[in-house]
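FYI, it's all coordinate maths here, none of it is from the lab. Quick caveat, the model's predicted, so the values are computed rather than measured. Cβ sites come from the backbone with ideal geometry, for glycine too, and all protein chains shown count toward neighbours.
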Amino acid sequence: MTNAVTAATRIAAVIGCPVRHSLSPALHNAAFEAAGVDWIYAAFEVAPDHADEALDAMRVLGLGGLSVTMPHKEQVAQSVDELDPSAAALGSVNTVVPLPDGRLRGYSTDGAGFVASLRAAGVEPSGRKAVIVGAGAAARAVVDALYRHDIAEVVVVNRSPEPAFRASLLAHERGRVGHLDDIPDADLVIQATSIGMGTTDTPFDAALLRSHHVVADLVYHPLETALLAVAREAGATVVDGLGMLVHQAALQQELWLGRSPNVGVMRAAAERELAARG
Ligand code: NAP
């Protein structure tokens with residue numbers, strides 16, 4: 001049963017465009033309810049170029065927290081009062097936290113959420129060699145987080161060379177641009193392109209995958225992508241993309257409420273929502 005909304009209820013929300021397919025309300029509200037806290041989470045469709053007004057509204061309305069999704073992440077990074085180091089490195093914010101003095105601080109929890117999902121699967125990135133296929137916004141967040149968690153090397157493989165180079169710079173001296181033939185020597189193989197979303201396509205020949213690999217796919221619909229299915233068959237350790245989604249949301253709640261939510265409850269809510277969508 002959903003908590004009764006009172007004058008004391010704190011409100012958090014996501015802004016994006018489009019936002020109606022966001023899983024965030026289901027994840028966050030399930031965790032609020034399980035924790036018995038007087039918070040609710042809503043979704044606001046905010047048109048492109050109106051992120052600054054949404055931040056003003058956050059201040060005026062006293063929202064307890066804000067999630068930010070496309071296309072507002074870069075604008076919000078420009079407009080908040082201060083940035084966490086990851087958000088500053090990426091120039092992108094997915095979480096806004098109101099500080100006690102009324103200023104707004106921006107964070108990027110996507111990369112840390114990815115690392116948390118690896119750890120939840122028993123995989124520690126420190127000292128490992130990673131190949132990441134893709135160099136978009138999600139890949140950039142992962143490269144930054146792997147660098148911050150002492151990865152030994154991150155090789156970025158992407159269709160377009162320029163984004164690959166820019167993403168590799170986020171891992172500083174431990175990043176470089178590479179090719180698919182870097183995969184056999186890697187410990188960790190991360191699929192961060194949009195390929196596989198709602199299809200059985202794979203972005204590279206999955207026959208390259210072996211039992212020594214940890215294979216993570218950022219795509220979570222379907223939950224077991226064709227790439228992960230082949231990786232599992234090859235004996236690899238597989239990490240699905242829903243873990244990243246759930247853990248980045250859990251980190252948001254830690255920032256807003258100062259307490260860790262129940263990630264199992266969040267994941268179950270996300271799985272129910274995905275199953276309902278077919
Ligand atoms: P993005 O910024 O648009 O980047 C897309 C990436 O995919 C680029 O590297 C692009 O390469 C590559 N790509 C797209 N189509 C391709 C094709 N046909 N062949 C080869 N490469 C192709 O997207 P994003 O935000 O990084 O998201 C990437 C995926 O991660 C999406 O499926 C998204 O749903 C998922 N994601 C998951 C989570 C999570 O929590 N699990 C979080 C964020 C995103 P080019 O540079 O050559 O165009």
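Quick notes on this one:
- Looking only at region 131-173, residues that are touching a Pro at 6+ places or on another chain (Cβ under 8 Å) and of a type in the set (Phe, Trp, Tyr) come to 0 in all.
- The set of residues from region 232-257 being closer than 14 Å to residue 107 by Cβ and either hydroxyl-bearing (Ser, Thr, Tyr) or without any contact (Cβ under 8 Å) to a residue 24 or more places away in the chain (or both) comprises just one member, 254.
- Identity of the residue in region 210-219, aliphatic (A, V, I, L, M) and in contact with a helix residue (DSSP H, G or I) (Cβ under 6 Å, 6 or more places away or on another chain), that ends up farthest from residue 157 (Cα to Cα): 219
- Filtered by the rule that a residue be touching a strand residue (DSSP E or B) at 6+ places or on another chain (Cβ under 8 Å) and not basic (Lys, Arg), region 171-182 gives 171, 175, 177, 178, 179, 180, 182.
- Residue among 207, 229 that is free of Cβ contacts under 8 Å to residues at least 40 places away in the same chain, over 22 Å from residue 159 (Cα atoms) and not in a loop (DSSP other than H, G, I, E, B): 229
- Filtered residues of region 150-181 (kept if part of a loop (DSSP other than H, G, I, E, B), within 14 Å of the ligand (Cβ to nearest atom) and out of contact with any Ser or Thr (no Cβ under 9 Å at 6 or more places or on another chain)): 160, 170, 179
- Across region 100-122, a minimum of one residue is classified as within 13 Å of the ligand (Cβ to nearest atom), within 20 Å of residue 251 (Cβ to Cβ), assigned to a loop (DSSP other than H, G, I, E, B) and not charged (D, E, K, R).
- Exactly one residue out of 184, 222 is closer than 22 Å to residue 153 by Cα, in a loop (DSSP other than H, G, I, E, B) and either within 11 Å of the ligand (Cβ to nearest atom) or touching a residue at least 12 places away in the same chain (Cβ under 8 Å) (or both), and it is 184.
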